[in-house]
Amino acid sequence: MEIENRKSKIETPPAGRVQRQITLPLRKATEIAWKNIRMRLSRCLLVTSGIILALAFLMSILASDAMLEGMRQWMAGFNAEHSAEFRALQQRRRELEDRVQPLYEHLHLAAIAPPPLEAEQKKLDFAATFGLSVAELQRQVGALPGPADGLITAMTARPELIETMRQWIAIQGELRATIRRLNGPEELRALMQSSGVSTEPRAVAADRIQTRWLVGLALLVAFVGILNAMLMSVTERFREIGTMKCLGALDGFIVKLFVIESLFQGIVGTLIGIALGLALSFIGQSITYGRFAWMQVPWGSLAAAVGVCFLVGVALTVAGAVYPAWQAARMQPIEAMRVET
Amino acid sequence: MTESAPTSAPDTAALSEYTVRTIDVTRVYKMGAEEVHALRGVTVSVQRGEYISIMGPSGSGKSTLFNMIGGLDKPTSGKVYIDEVDIAQLDAYELAWMRCRKIGYIFQTFNLIPVMTALENVMLPMIFAGLNTADAQDKAAEILRKVELGHRMMNKPAEMSGGQQQRVAIARAFANDPAIILADEPTGNLDLQTGTKIIELLRQLNRDSGVTVISATHDHKMLAVSDRIIWIRDGKVDRIQNRADLKIEAGTIQGAQGQEIH
């Protein structure tokens, strides 16, 4: 054994001399931290899933609230007397009503007293002609200008009525859509009320307080969940920290190691959590409010909520890992190793 | 083991040189209002290249003295010199340097880093010492081959037996060519045969490299190869036995030890 005869570039100083331990570059800490994450991937994912859940909860509450607020604003803006959109729609509605009226009367008269058909004449195939059945058409545009049977008989006898019918369908369809848009706020209000969301200004204010509680609760869940996960994962490595100190690691190096590890976990977990939370609230609001959810999406407040969630998630993760790691690093190595894990 | 050649480690030139000296060391722990005197004035000197065992019953202050010598704990009063450096005077950076370069630790529970391979475990102290990765790799591989683990370099601790893990730990302790190897019950978690091999390895490395080995142990086999045994009782040095006395009293030591432990 020739330990003295080595390839090292490190000189061992004589007895009685002491030097200062070198500070390793950040790159070295990153290398070791990255290796740690890769090797402990399953454990790491378990901890990260805690972060993801907490952040998804927080994000979905903030996002749902922001979207609800967006819908309220849309409603308020639409109903305002000077709303250009509202006036334009009303104008359009009158135009369409004026145009649909003569078509309606024309078809109606033909339908209630259809001309007799010749004995062997085959009735018009409604579905083939208009591309949809009578029932489907009724669902789309509402009541037809007359009894369906009469209409079909009339159109069979007088084929020029088919074109009139087509025009009526087009205009009536647009009219229905316009009326629906005009009635949007009422429909939304009904939807909100049926799902227990307030629409009256005073109740909305009370709701906000409730939401604040909910956000507080979500923050608490994130706080406790993330700190617990990180504390656990660091505490089980106390022995490792003690060993590293025995091998010559500086306190700062150990803290750096855990900052990098937790930063990585925090960023990944938080981003996934935010995406999950956003998706959940988008889907949830779409199911409950349909098209209204997308009428006036408050992208600004959503972005702010994402920012808040990101900061909360990453800061909590790093704090939750670094505080115990720093505590362990400050201990005498022998004490750190003695801690039961 | 008693048949091995008479001690050759401390030749006359080295006799004046001590790797570890403690002078009237006391250590008081505060447990609430109560003061526990773990050490009550211990003065010992360990020569370069010696193979020392520290013995004593639980609560005798043996572990405290051991930690003191290893720079893992600081005395309440008195002085501890490691390689002629007073450890009480060191700041965190100097202490880390001492642990990295002057002392190699071997633990009862091996304490390998579980996510690292044997090679990476041995490289770690070298990385801390500032050696570049390529050189560290070469040197770590060389040491691992010396402890006959050349074929397990890429294995993780969980994939190795206890004896193999302890040999990796020994290789790691030797990574930076320390002046002292501190072994805390190195055979405590190993079976008889494996323990014997570990002791032989430590003794061989001690002879070959002239490193000072200090171990806290209950293991008879460990005592048998020691140059000196320091018996600690009630926070004081009870007696120090030299190898020469050891041979004569071989029977009585084992008897005495039995009483001490049980």
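The values are calculated or read from the model by the stated rules, or taken from the named source; none is laboratory data. All of these numbers come straight from a predicted model, not from anything done at the bench. Here the Cβ is made from the backbone with ideal geometry for all residues, glycine too, and neighbour counts use every protein chain on show. These area figures cover heavy atoms from the full protein model, side chains too; ligands, DNA and RNA do not enter into them. Shrake-Rupley method; radii C 1.70, N 1.55, O 1.52, S 1.80 Å.
GluC sites (Glu not before Pro), restricted to region A:53-88: which are DSSP loop and have at most 13 other Cβ atoms within 10 Å?
Details: sites: A:GLU69, A:GLU81, A:GLU85; in loops: A:GLU81.
Here the GluC sites (Glu not before Pro) that fit, given the DSSP loop and packing criteria, are A:GLU81.
Using a 1.4 Å probe and counting only protein heavy atoms, arrange B:VAL36, A:VAL141, A:VAL322 so the residue with the most accessible area comes first. Intermediate results must be reported in sequence, preceding the final value.
On the way: B:VAL36 55, A:VAL141 5, A:VAL322 30 Å².
Per-residue accessible area, sorted high to low, gives B:VAL36, A:VAL322, A:VAL141.
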Enumerate the whole-percent occupancy of each 10 Å bin, from 0 to the last occupied one, for all C-alpha pair distances of region B:13-134. 11, 35, 34, 17, 3, 0
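Can you show me the helix-derived [θ] at 222 nm for chain A, built from DSSP H runs with n ≥ 4 at -39,500 (n - 2.57) apiece and divided by the number of residues, rounded to the nearest 500. Kindly include the intermediate steps, with their values, before the conclusion.
Details: 13 runs with 260 residues, N = 341.
Value at 222 nm, helices only: -26000 deg cm²/dmol.
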If amide hydrogens are placed 1.01 Å from N in the peptide plane, which non-local residues have theirs closer than 5 Å to the one on B:THR19? B:VAL46, B:GLN47, B:ARG48
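Normalised by the number of residues in chain A, what is the relative contact order in percent for Cα pairs under 8 Å and 6+ residues apart?
34 percent
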Exposure of A:LEU227 as accessible area (Å², to 10), given a probe of 1.4 Å and all protein chains: 40 Å²
In square angstrom, rounded to the nearest 10, how much accessible surface does A:ARG40 have for a 1.4 Å probe? 40 Å²
For chain A, the Cα gyration tensor yields equivalent-ellipsoid semi-axes (√(5λ), largest first, whole Å) of 74, 24, 15
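Under the rule of -39500 (n - 2.57) per DSSP H run of 4 or more residues, summed and divided by the residues of chain B, what mean residue ellipticity at 222 nm is obtained, to the nearest 500 deg cm²/dmol?
Theoretical 222 nm ellipticity from helices: -11500 deg cm²/dmol.
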Find the relative contact order for chain B and round it to a whole percent, using C-alpha pairs within less than 8 Å whose residues are 6+ positions apart. 26 percent
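Checking a compactness column here: for region A:46-172, what do you get for Rg(Cα) / (2.2 N^0.38 Å), N being the number of residues? Let's see the in-between values first.
Working: Rg = 25.0 Å, N = 127, 2.2 N^0.38 = 13.9 Å.
Normalised by 2.2 N^0.38 Å, the Cα Rg of region A:46-172 equals 1.81.
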Treating the angle as unsigned and between 0 and 90°, give the value, to the nearest 10°, between the Cα long axis of helix A:251-289 and the longest Cα principal axis of chain A. 10 degrees
Under 5 Å, built H, 5+ apart or other chain: amide partners of B:LEU39: B:ARG27
Taking only Cα atoms, what is the 0 to 90° angle, nearest 10, from helix A:148-157's long axis to the longest principal axis of chain A? 60 degrees
Solvent-accessible surface (1.4 angstrom probe) belonging to A:LEU217, in square angstrom, nearest 10: 90 Å²
Whole number please: convex hull volume per residue of the Cα set in region A:162-246, in Å³? 207 Å³
Result for region A:84-194: accessible area per residue, probe 1.4 angstrom, in square angstrom, of 58 Å²
For the pair A and B, total buried accessible area rounded to nearest 100 Å², probe 1.4 Å: 4400 Å²
Would you grab the residues whose amide H sits under 5 Å from the one on B:ILE232? Only those 5+ places off in sequence or on another chain, please, with H modelled 1.01 Å from N. B:MET55, B:GLY56, B:ASP238
Probe 1.4 Å, all protein chains present, accessible-area order of B:ASP177, B:ASP234, B:ASP138, largest first: B:ASP234, B:ASP138, B:ASP177
Return the aspartates and glutamates within reach of A:LYS122: Cα separation strictly under 14 angstrom, same-chain partners fewer than 8 residues apart disregarded; answer none if there are no such residues. A:ASP149
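Considering only the other residues whose Cβ falls under 12 Å of the Cβ of A:ALA329, what net charge follows from Lys and Arg at +1 and Asp and Glu at -1?
Working: positive: A:ARG237, A:LYS245, A:LYS256, A:ARG330; negative: A:GLU240, A:ASP251, A:GLU335.
After counting each charged neighbour, the total is +1.
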Of the residues A:VAL268, A:VAL100, A:VAL215, which exhibits the maximal mean-square fluctuation in a Gaussian network model of chain A defined by a 10 Å Cα contact cut-off? A:VAL100
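Give me the one-decimal Kirkwood hydrodynamic radius in Å for chain B, with the sum taken over alpha-carbon pairs. Can you show the working numbers first?
Working: mean 1/r = 0.0528 Å⁻¹.
It is 18.9 Å.
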Using alpha carbons only, how many degrees (0 to 90, rounded to 10) separate the axis of helix B:162-173 from the longest principal axis of chain B? 90 degrees
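Which of the pairs A:LYS35/A:LYS256; B:LYS102/B:LYS221; A:LYS35/B:LYS146; B:LYS30/B:LYS74 have their Cα atoms more than 18 Å apart in this structure? Before the final figure, lay out each step's value.
On the way: A:LYS35/A:LYS256 14 Å; B:LYS102/B:LYS221 26 Å; A:LYS35/B:LYS146 27 Å; B:LYS30/B:LYS74 14 Å.
Over 18 Å apart, Cα to Cα: B:LYS102/B:LYS221; A:LYS35/B:LYS146.
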How well do other chains shield peptide B:112-118, expressed as the mean number of their Cβ atoms within 10 Å of each residue Cβ? 5
Give me the mean projected area, in nm² to one decimal, of the convex hull enclosing the Cα positions of the protein assembly as shown. 44.4 nm²
